[in-house]
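Undergrad: For reference, the structure I am asking about is given below.
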């Protein structure tokens, strides 16, 4: 009798473990990461970390894909999780998300501000101090004589951040506005003479 009872208890425990395992595997948080600057996916690698989890550090980490989509799986239902987002140029940000009994969908926005904006590009252009932004290395690449000639002819300055650039979105927004203004004033001919390392020049 005792033997049958022990077998029954063992089977019950195994059943509970199996059911719980299946339940946890169906509980996840997924969604998209976007930038507060553009409302689009940040132009950089995005790392997502589940904080204070029982798993080893690497197992708590994942990355958003090319669309900004991410997924964190095998979570406990009805539990509050802290999720940390890390992306180059942005400060690390922590979000609290509570799971339900299935898939919890969310959109996480990385907050940031830009010094280089479309408005700043217009202001610089009107003040005759526009820039074309570059990202170099520790030692910025010096202008060649033809680069200096280009600057004088088109009234613009090549500006190299070196190895400490701002957020990519800021560079893109600023440069693309300057490209529009140059096209409007000079047509497309300036594009044949501009430095090839100007960011976001197609």
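The values are calculated or read from the model by the stated rules, or taken from the named source; none is laboratory data. Note that the structure is predicted; figures quoted are calculated from it, not measured. Positions of Cβ are generated from backbone atoms using ideal geometry, with glycine treated the same way; all protein chains shown enter the neighbour counts.
Undergrad: So in segment 127-145, with the set limited to residues that are crowded, with 17+ Cβ neighbours inside 10 Å and in a loop (DSSP other than H, G, I, E, B), which one is modelled with the highest pLDDT?
TA: Within segment 127-145, the match that is modelled with the highest pLDDT is 130.
Undergrad: Name the residues in segment 72-91 that are part of a strand (DSSP E or B) and exposed (fewer than 13 other Cβ atoms within 10 Å of the Cβ), would you?
TA: Once the filter is applied, which keeps residues that are part of a strand (DSSP E or B) and exposed (fewer than 13 other Cβ atoms within 10 Å of the Cβ), segment 72-91 yields only 80.
Undergrad: Select from segment 26-46 the residues that are more than 15 Å from residue 167 (Cα to Cα), at pLDDT 95 or above and surrounded by fewer than 16 Cβ atoms within 10 Å (Cβ to Cβ) and list them in ascending order.
TA: 30 - this is the single residue of segment 26-46 that is more than 15 Å from residue 167 (Cα to Cα), at pLDDT 95 or above and surrounded by fewer than 16 Cβ atoms within 10 Å (Cβ to Cβ).
Undergrad: When you scan segment 165-187, do you find a residue that is in a strand (DSSP E or B), out of contact with any helix residue (DSSP H, G or I) (no Cβ under 8 Å at 6 or more places or on another chain) and either surrounded by fewer than 19 Cβ atoms within 10 Å (Cβ to Cβ) or not assigned by TED's automatic domain parsing to the domain that holds residue 50 (or both), even just one?
TA: No, segment 165-187 has no match at all.
Undergrad: Same structure, new question: I'm told residue 200 meets every condition in (1) surrounded by fewer than 17 Cβ atoms within 10 Å (Cβ to Cβ); (2) more than 17 Å from residue 126 (Cβ to Cβ); (3) assigned by TED's automatic domain parsing to the domain that holds residue 123 except one. Can you identify the failing condition by its number?
TA: Of (1) surrounded by fewer than 17 Cβ atoms within 10 Å (Cβ to Cβ); (2) more than 17 Å from residue 126 (Cβ to Cβ); (3) assigned by TED's automatic domain parsing to the domain that holds residue 123, only one is false for residue 200: (3).
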